[in-house]
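Following: one structure in structure tokens, then a few remarks.
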Amino acid sequence: MGQLCCFPLSRQEDKLSVKKASEDEELVSLSKQLVEDAVLRAVQQYMEETQQNGTAPKDEAPPGAAGKLNTTK
């Protein structure tokens, strides 16, 4: 029966996996920043529009909408 053997990663392969992990972390960080910026802009635009229209945002849903809301994530 043959002997199973495990070869350690070469230095180049090890560097590539570290580089890939670093790039993945950077992409996640950039993605989070983009989402945060988009949400902040949307909230700012909403606030500006409600001030321009002179209307205050309502805290209640339209009639019949309460039963249709999906509260699960």
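Read-outs: derived from the displayed coordinates by stated rules, not from any lab. Since the model is a prediction, treat every value here as computed from it, not as a measurement. For neighbour counting, all protein chains shown are included, and Cβ atoms are generated from backbone atoms with ideal geometry for every residue, glycine included.
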Cβ under 12 Å from LYS32's Cβ, LYS32 left aside: what net charge do those residues give with Lys, Arg +1 and Asp, Glu -1? -4
Residue separation times 0.36 nm, minus the C-alpha to C-alpha distance between ASN53 and LYS20: what's the value? 7.0 nm
